[in-house]
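Before any comments, here is the structure.
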Amino acid sequence: MVSAVPPPVGDPMPGRGTGGLKGWIANWARTATTVLDGLAVTMSWMFRRPLTIQYPDKIPQPVQQMLPETYRGILELDVRLCTGCLQCQKTCPIGCIDIVVEKNEAGGRDITRFDIDVSRCMYCGLCSEVCTFAALRHSSEFEATQPDIRNLNLHFVTKPVPVARHKPGEAPPRAPRGSILKDVIPGYGRRPGKAPDGGEKNR
Amino acid sequence: MTDPVVHAAVFYVLAAFTVVGAGIVALSGNIVHSAFALFATLFGVAGLYAYLSADLLAVVQMLVYVGGISVLVLFAVMLTSGLSDTGHTNPAFRLAGGIAVLLAVTAGAFVAASAVPTGVESAVAPTTGAIGDALLGPFVLPFEVVSVVLLAALLGAVTMARGWKKGGAR
Amino acid sequence: MLRDVATFLERLLGFDPATFDYSWVTAVVVIGAASLLAFVFIALFAGPVTWWERRIAGRIQCRIGPNRVGPQGVLQWLADGIKCFLKEDLVPAAADQGLFRFAPYLVFGGYMATFAVLPFGANLVAADLDVGLLYLLAITGLVVIGILMAGWASNSKWALFGGIRSAAQLVSYEIPSAFSLMSVVLAAGTMSMQGIIGQQGAWPWEWFVFKNPFLFAAFFLSLTASVAEGNRTPFDLPEGESELVAGYHVEYSGMRFLWFMFAEWGNLWVIATIATVCFLGGWQVPGVTPAEIAASTGLAFWGWQALSFAVFVAKASVLVAFVIQLRWTLPRLRVDQLMITCWKYLVPGALLNLAGVLVLLAVVPDQGVADWAIRGATLFLGLALASVFVWKARAGYLADRDLYRRMEGKELWYPPYRLP
């Protein structure tokens, strides 16, 4: 049984001004005491430890490692697991995933292009939801500053890769989180990055 | 600082400031510009008081006219409804300006024609104490009467602003 | 007039370097140098104090504050200033061009003009006017006009609201401010700033703030009214971000915006200075009388000047820190609350207080036994208030200390002098 909310005991603001001279004086007294109380509170905070995490340099460990597992960072694809089903491309509301799958000479299918335009991605996570094989997942990487916005169109496939054909439970373990992006993001880990065409400024 | 030419130069700069401000008050087509120019004029007058070594009067001029009256005039102008066309809000400015110029010319001619005594060097000394003694000594009655007049004006303003309820009672 | 022009021409044509009266040239140079010094002081105060305020605000809000530009971020203000210099100076197309461009200078000029009478040390004052305190109250009229001008010339409703609010606020709060400062004038018997300081002593029990309980109250009344006149939180309605974006300077950018900011933080110094001069004994150095300072010569004279300047700056800095902390403690008042605070509480309160000061000054002879008893009691009252404050702050800290240690595994103690 839910107990009823207890009735308020007394006036929450004792001595509140009720008009007249008495209220006038009470309001003065209340102003003085509450301002003193408030100043004491803020003064006590001057002696407490700040909570600020001083990103990016004065931190004990990289922020990427401090983020939770469910953090939706830059998308990364483990090509070894991708079956080329195109579900992610179809479900993307923005259309920032561009996949091309072609037949090869051996009669199988090759993924010849798997581009994700991170500059347009809104990190909704729909593509990783539909990916049955856990090939496409969010990493915890978020530092995407680039001198050229075209650098953010990430090419996960540079030469044709045959599509994955694993039986259930036989798939190789997925590459560690964030390890793939190292080779995909131009100038990863370097700040500031360099434009692909020799550092020319692009507006 | 006893050079008479410098003295004259300071006076003419202050006078020009005051007169130009007054000219804009009368001649501007924009009533807000007029209000701001009135502030400049009053400020110039305060400067003239200071120039004549009336220190208390200059500061009181600043306090009452520059800080008070000017702001109230600006308030009145800005809170008046129907001043949406701020570029041309003073339709009678030609008439007013004409009268002002006429008066100025007449006054100037009168001053030029008459022999105004000038050049009385006054000692630079604080006047506050003397004014205070005079106001609370020989002039205490006029001083208090003026404050009663001001109090009456204040009460009248409050009464009019509060309005009257139906049936004659407030 | 013709005679003056003729004299002028005659003097110009017959210019003789030997007989020329150079005194006014010297005067102009001295005035120029003094203005430049005041300007440099405002710049050197207003700049770093923005950083100081942001550091205090940071710690109060569990943050650190700017600490990147220069050691601990002390050069942050330079970076901000350069940024403002390099920004485009925008003038809205529908604005009143001339007035819009002129208003920031009027506001800044109003604050600059107060420095004419503000003392910095024993002899460090530009002009010790006989009507100094009244001049201080009067010259702020320029600021009101400048703010109204900025608000109207911007041709924006937010700016106009801000300007009108600011003007209403300044005009209203000038009254309690004048009343509470008038009690100091009564106690000192003069309106000259140096004269008021001369009537006090160097030790706290000789200050006007502890002279009697009414002057003690007048100190806080005057400080409240000054903070309101300076448009600072909790009275910063003219630029209330939540309603008016930025108030009267919403349309300004670049250097013109910087003039407003200059005036705002320069005014922090003016608030602190007025309170220090009128209530906290000004620059008086313990153990030496003003007459002895005036009588000293040579190196000793300049040593006393430097020492008195240091004492003055120290007192003013404490007050600046207090006003800054006040800003980050109290929420902003509503417009009607602002006017109620002034007209229903501060004005009658200050008037009653003035009457109390009058009665005490008339009844209690100066330097008598009763006078010293009242001074002692008031000083005790002040110390008691400070103790309650420290006790409350300590209690607030202790209430959370153990919980923090359990949850975070770290000590909560992190005093302001430990810089992260």
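Values in this text are rule-based calculations from the coordinates and carry no lab data. Everything quoted here is computed from the prediction, not taken from an experiment. Methodologically, a virtual Cβ is constructed for each residue, glycine included, from the backbone with ideal geometry; neighbour enumeration extends over all protein chains shown.
Counting other Cβ atoms within 10 Å, keep those with at most 10, restrict to DSSP loop, and tell me which chymotrypsin sites (Phe, Trp or Tyr not before Pro) in segment C:283-325 are left.
Passing both the DSSP loop test and the Cβ count: no residue.
With a cut-off of 11 Å between beta carbons, the residues surrounding residue C:396 carry a summed charge of +2, where Lys and Arg count +1 and Asp and Glu -1. Averaged over the residues of B:62-73, the number of partner chain Cβ atoms lying within 10 Å of the residue Cβ comes to 5. Within segment C:324-401, the percentage of alpha carbon pairs spaced more than 14 angstrom apart rounds to 79%.
In chain C the longest region clear of GluC sites (Glu not before Pro) that are loop-assigned by DSSP and have at most 15 other C-beta atoms within 10 Å covers C:89-410. Count Lys and Arg as plus one, Asp and Glu as minus one, and take only other residues whose Cβ is under 15 Å from that of residue C:212; the net charge is then -1. Radius of gyration (Cα atoms) of the protein assembly as shown, expressed as a multiple of 2.2 N^0.38 Å: 1.26. With the simple model of a label 7 Å out from the Cα in the direction of the Cβ, residue C:31 to residue A:21 spans 5.4 nm. Whole angstrom only: what separates the Cα centroid of segment C:342-406 from the Cα centroid of segment C:263-301? Cα centroid to Cα centroid, the span is 23 Å. Overall, the anisotropy analysis places segment C:176-215 in the oblate class: the square-rooted eigenvalues a ≥ b ≥ c of its C-alpha gyration tensor yield a/c not less than 1.5, with a/b not exceeding b/c.
Quick one: which of C:211/C:392; A:22/C:392; C:315/C:410; A:58/C:83; C:83/C:315 span more than 29 angstrom between C-alpha atoms?
C:315/C:410; C:83/C:315
Just so you know, the Rg over Rh for segment C:251-401 is 1.04, from Cα atoms, with Rh as the Kirkwood radius. Largest first, the three principal axis extents of the alpha carbons in segment A:63-184 are 44, 33, 26 Å in whole numbers. Highest mean packing first, where packing is the average number of other Cβ atoms within 10 Å per residue, the peptides C:60-71, B:62-73 line up as B:62-73, C:60-71. Shape call for segment C:98-145 from the C-alpha gyration tensor, a ≥ b ≥ c root eigenvalues: rounded (a/c under 1.5), prolate (a/b greater than b/c) or oblate? Note, shape of segment C:98-145 comes out prolate. Calculate the translational D of chain C in whole µm² s⁻¹ from Stokes-Einstein, where the hydrodynamic radius comes from the Kirkwood formula applied to all Cα pairs, the temperature is 20 °C and the viscosity 1.002 mPa s. Calculated translational D: 90 µm²/s.
For the peptides C:39-46, C:351-358, what is the packing order when you average, over each peptide's residues, the other Cβ atoms within 10 Å and list the highest mean first?
Per-residue mean Cβ counts within 10 Å order the peptides as C:351-358, C:39-46.
Adding -39500 (n - 2.57) for every DSSP H run of four residues or longer, then dividing by how many residues the protein assembly as shown holds, sets the calculated 222 nm ellipticity at -18500 deg cm²/dmol. The convex hull drawn around the Cα atoms of segment C:284-349, when projected onto a plane and averaged over every direction, covers 7.2 nm². Look at C:135, C:105 and count the other Cβ atoms within 10 Å of each Cβ; fewest to most, that gives C:105, C:135. 3J(HN,Hα) couplings calculated from phi for segment C:107-121 with the Karplus curve 6.51 cos²θ - 1.76 cosθ + 1.60 (θ = phi - 60°) are, in sequence order, 4, 5, x, x, 6, 4, 5, 5, 5, 4, 10, 6, x, 10, x Hz; Gly and Pro show x.
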